[in-house]
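Taken together, the values in this text are just the output of simple stated rules run on the coordinates, not laboratory data. Source: prediction; values computed, not measured. All Cβ positions, glycine included, derive from the backbone under ideal geometry; neighbour counts span all protein chains shown.
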Amino acid sequence: MFSKLKTLQIIDLSHNPLLSFSNYSIVDYTLPNLWDLHLSSCNISDFPDFIKSMESLRELDFSNNHIKGNIPIWLLEVGKDSLSSLNLSYNSLTSIRHLPWKNLQVLDLSYNFLQGPLPIPPLELISFQSQGII
C-alpha cells in the first residue's frame, strides 16, 4: 500500500483492530524517511518485524494493544539515535532491560505488568502509572 511513498514521514493507523501484519503486510519493506509510526489500539499481539529497519523513527506508539512479555532486544536498536517518544502503555509487557535511545524525551510504560528493576534515563516526561512503584 505504501511502497511508492518513499518520502512518507508519518503513518498513523491507530484504532484499526483489523490491521494485520502478516508476511504480506501493508508495510513489509523499508520506509527510510519514516519519522513517526502510530499503531495504537490495533489489536497487535507482537511487535511487527518491519520496524526493524526504521532507523530514523522519532515517535513510536504501540499503546493499547495486546503485546505480552519482554520487550525484544531488536526493538532496542530501532531509532537508537533518533527516537524521542516511545509509548508502550496499556499492554502486558513484563520487563525492559535497558533504554539505549540517546534522544528519548517521553517514555510511557504505564498500565503494563513490569517487574524487577527499571532503567531510568534522563527524560522530560516518564509515566510508570499503575506499576505499584512508590
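Using 0.36 nm per residue and subtracting the Cα-Cα separation, the extra length available between L76 and S92 on full extension is 4.0 nm. Panel order for L86, L109, L18, L5, by other beta carbons found within 10 Å of each beta carbon, from fewest to most: L18, L5, L109, L86.
Residues I96, I73, I10 in ascending order of nearby Cβ atoms (within 10 Å, fewest first): I73, I10, I96.
Cβ-to-Cβ counts within 10 Å put F62, F113 in ascending order as F113, F62, the fewest first.
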